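One structure is given below, encoded as structure tokens.
The values are calculated or read from the model by the stated rules, or taken from the named source; none is laboratory data. Keep in mind the model is a prediction, meaning the values are calculated, not measured. Ideal geometry is used to build each Cβ from the backbone, glycine not excepted, and the neighbour counts take in all protein chains shown. In case anyone asks, the SASA skips ligands and DNA or RNA and just uses the protein heavy atoms, side chains included. Shrake-Rupley method; radii C 1.70, N 1.55, O 1.52, S 1.80 Å.
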Amino acid sequence: SQKIEQNSEALNIQEGKTATLTCNYTNYSPAYLQWYRQDPGRGPVFLLLIRENEKEKRKERLKVTFDTTLKQSLFHITASQPADSATYLCALDLSGGSYIPTFGRGTSLIVHP
Amino acid sequence: DGGITQSPKYLFRKEGQNVTLSCEQNLNHDAMYWYRQDPGQGLRLIYYSQIVNDFQKGDIAEGYSVSREKKESFPLTVTSAQKNPTAFYLCASTFGQGRSYNEQFFGPGTRLTVL
């Protein structure tokens, strides 16, 4: 079956380092992939979208890569800050053009001062 | 400010009762969605609507019902048929009729607890 895998273990890093989160998917080639940030008890907030024909996308301290051969997206936060601590969700179209994203479970990022 | 509002933030229900969660948006979005989130789980799609007076079942629609009488409103009813309704419910909307790769805008969520 089609599924999305994000590391369920929290990622702990020191302030100033680069955080790298992984999103793997199986059995399908999505047309796009999105990343969202979710703080505890709140709704997710959209961060970035990358399309299948794009290798990399950047926005301020954020960078997303999309490797359709490896079926993997990497999400990087450079010069991380304690305020970046949150859960990061990836979402992609697994249903063949329905445009409704399927969300992964998310990875918790904890940035220590 | 444009956005999505959900009410109430916390909701308690006795077993056997139906309860309705409110979702309102003033973003002029055509498409609206309801998701359920359980601890350690991803968001699971309950229902979605791409246009007024039309809606479709998502992956876990059993025990839920919706209506879409107005563009800005998409209420979700959790019925007594839902076996395990305790969860965090999120409403979202998308620009257009959801037929593109646009981002989803989420509300603040409603945490439903069955007593």
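Lys/Arg Cβ at +1, Asp/Glu Cβ at -1, dipole of the protein assembly as shown taken about the Cα centre: which of A:Ile13, B:Ser49, A:Thr78 is farthest positive-ward?
Of A:Ile13, B:Ser49, A:Thr78, it is A:Ile13.
Nearest 100 Å², what total accessible surface is buried between chain A and chain B (probe 1.4 Å)? Can you show the working numbers first?
Numbers: alone 6460 and 6470 Å², together 11230 Å².
Answer for the A-B pair: about 1700 Å² buried.
Taking 8 Å as the Cα distance limit and 6 or more residues as the minimum spacing, I'd like the relative contact order of chain B as a percentage. Before the final figure, lay out the partial values.
Working: 299 pairs, mean separation 40.4, N = 115.
It rounds to 35 percent for chain B.
Each residue of the stretch B:80-85 in order: what ³J(HN,Hα) in whole Hz does its phi give by Karplus 6.51 cos²θ - 1.76 cosθ + 1.60, θ = phi - 60°, with x for Gly and Pro?
Computed from phi, the couplings for the stretch B:80-85 are 5, 6, 6, 6, 9, x Hz.
Which net charge results for the neighbourhood of A:Asp84, defined as the other residues with beta-carbon distances under 12 angstrom from its beta-carbon, given Lys and Arg at +1 and Asp and Glu at -1? Provide the component values of the computation, followed by the final result.
Numbers: positive: A:Lys17, A:Arg37, A:Arg61; negative: A:Glu15, A:Asp39, A:Glu60.
Once all neighbours under 12 Å are counted, the net charge is 0.
How big is the accessible area of A:Asp84 in square angstrom, nearest 10, if you roll a 1.4 angstrom probe over the protein chains?
10 Å²
Could you tell me the largest-minus-smallest coordinate of the C-alpha atoms of the stretch A:36-113 on each of the three principal axes, in descending order and whole angstroms?
Here the spans come out as 41, 26, 19 Å, largest first.
Using all C-alpha to C-alpha distances in the protein assembly as shown, build P(r) with 10 Å bins and read off the rounded percent in each one.
Reading upward from the zero bin: 8, 33, 35, 20, 5, 0.
Mean shadow of the stretch A:6-52, computed from the convex hull of its alpha carbons, in nm²?
On the way: hull surface 18.7 nm².
Result: a mean projected hull area of 4.7 nm².
Could you do me a favour and compute the accessible area per residue for the stretch B:1-65, 1.4 Å probe, result in Å²? Before the final figure, lay out the partial values.
Details: 3530 Å² over 65 residues.
That works out to 54 Å² for each residue.
Just grab the label-to-label distance for B:Gln56 and A:Gln72, each label 7 Å out from Cα along the Cβ direction, in nm (one decimal).
3.2 nm
Would you mind working out the magnitude of the charge dipole of the stretch A:33-106 relative to its Cα centre, with +1 at each Lys and Arg C-beta and -1 at each Asp and Glu C-beta, to the nearest 20 Debye?
Charge dipole of the stretch A:33-106: 100 debye, to the nearest 20.
Rank A:Arg37, A:Arg51, A:Arg61 by mean-square fluctuation in a GNM of chain A with C-alpha springs under 10 angstrom and give only the top-ranked residue.
Among A:Arg37, A:Arg51, A:Arg61, the largest GNM mean-square fluctuation belongs to A:Arg61.
For the pairs A:Lys17/B:Lys9; A:Lys3/B:Lys57; A:Lys3/B:Lys71; A:Lys63/B:Lys9; A:Lys3/B:Lys9; A:Lys17/A:Lys59, flag any whose C-alpha to C-alpha distance is greater than 25 Å. Mind dumping the intermediate values first?
Working: A:Lys17/B:Lys9 36 Å; A:Lys3/B:Lys57 20 Å; A:Lys3/B:Lys71 32 Å; A:Lys63/B:Lys9 33 Å; A:Lys3/B:Lys9 30 Å; A:Lys17/A:Lys59 17 Å.
Cα-Cα > 25 Å for A:Lys17/B:Lys9; A:Lys3/B:Lys71; A:Lys63/B:Lys9; A:Lys3/B:Lys9; rest within.
Which of the three applies to the stretch B:63-113, rounded, prolate or oblate, going by the alpha-carbon gyration tensor with a ≥ b ≥ c and a/c under 1.5 meaning rounded? Before the final figure, lay out the partial values.
Working: a/c = 2.41, a/b = 1.73, b/c = 1.40.
Prolate, because a/c is 1.5 or more and a/b exceeds b/c.
Given the Cα atoms of chain B, and with Rh set as the inverse mean 1/r over their pairs in the Kirkwood sense, what is Rg to Rh to two decimals?
Working: Rg = 13.3 Å, Rh = 14.0 Å.
Rounded to two decimals, Rg over Rh is 0.95.
Placing +1 at every Lys and Arg Cβ and -1 at every Asp and Glu Cβ, with all other atoms neutral, what dipole size does chain B have around its Cα centre, in debye to the nearest 20?
Working: 12 positive and 11 negative charges, 60 e Å.
Its charge dipole is roughly 280 debye.
Amide H neighbours of A:Gly106 under 5 Å, at least 5 residues apart or on other chains, H built in the peptide plane: list them.
A:Gln6, A:Cys90
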